[in-house]
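Read-outs: derived from the displayed coordinates by stated rules, not from any lab. Values in this document were obtained by computation on a predicted structure and should not be read as measured data. A quick note on method: Cβ atoms are made from the backbone with ideal geometry, for glycine too, and the neighbour counts reach across all protein chains shown.
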Amino acid sequence: MENINFDDFIKLEIRIGKIIFAERVEGSDKLLKLQVDFGFEPMKIQTMENPEEKETPVPIHRQIIAGIGKVYEPESLIGKECPFAFNLEPKMLKGLESQGMILCPSIGGSPALLHPDKEIPSGSLVK
């Protein structure tokens, strides 16, 4: 395995996301399509009624395509909090855009989900 330096490591943004929807990807027994809640992000919004920019919290939901479908049923994932690589370039899998990656160890080729030991806000950074 190649070592990376700390500057490379800190480029990766790992956030806790809450899975709010999951379904199987058609034509695959391994892939699941997840909708993941990463909390809120402040965004400056300007409207015709209010021309002054106002900072408003906007929900961050991302679609993640995960290869965990041989081990996990989609409905068993709803409400689970897991770590995700948040700032990866999007990637197309089976014609669907994946906007991040779930992080989990693999034991003999079988993934195991990681969870915080207590509830924390969606979008929290893992340091």
Residue span Ile10 to Met43: 0.36 nm per residue of separation minus Cα-Cα distance leaves a gain in nm of 9.5 nm
HN-Hα J in Hz across region 18-31 - Karplus 6.51, -1.76, 1.60, θ = phi - 60°, x for Gly and Pro: 9, 6, 10, 7, 8, 8, 6, 7, 4, x, 9, 8, 9, 8
Run the helix sum for the chain: -39,500 (n - 2.57) per DSSP H stretch of 4+ residues, divided by residue count, reported at 222 nm to the nearest 500 deg cm²/dmol. -500 deg cm²/dmol
Straight-distance crosslink candidates among lysines, where the alpha carbon sits under 21 Å from Lys11 and sequence neighbours closer than 8 are dropped: Lys91, Lys127
Among Ile4, Tyr72, Phe38, flag the residue with its Cα farthest along the positive direction of the charge dipole of region 1-85, charges on Cβ as +1 for Lys/Arg and -1 for Asp/Glu. Tyr72
Stretch Gln63-Ala112 to full length: gain in nm at 0.36 nm per residue minus the Cα-Cα span? 15.7 nm
Using every alpha carbon pair in the chain, what percent of pairs falls into each 10 Å bin from 0 up to the bin containing the largest distance? 12, 37, 31, 15, 4, 1
Packing-wise, with mean Cβ within 10 Å as the measure, how do 37-50, 67-80 rank, highest first? 67-80, 37-50
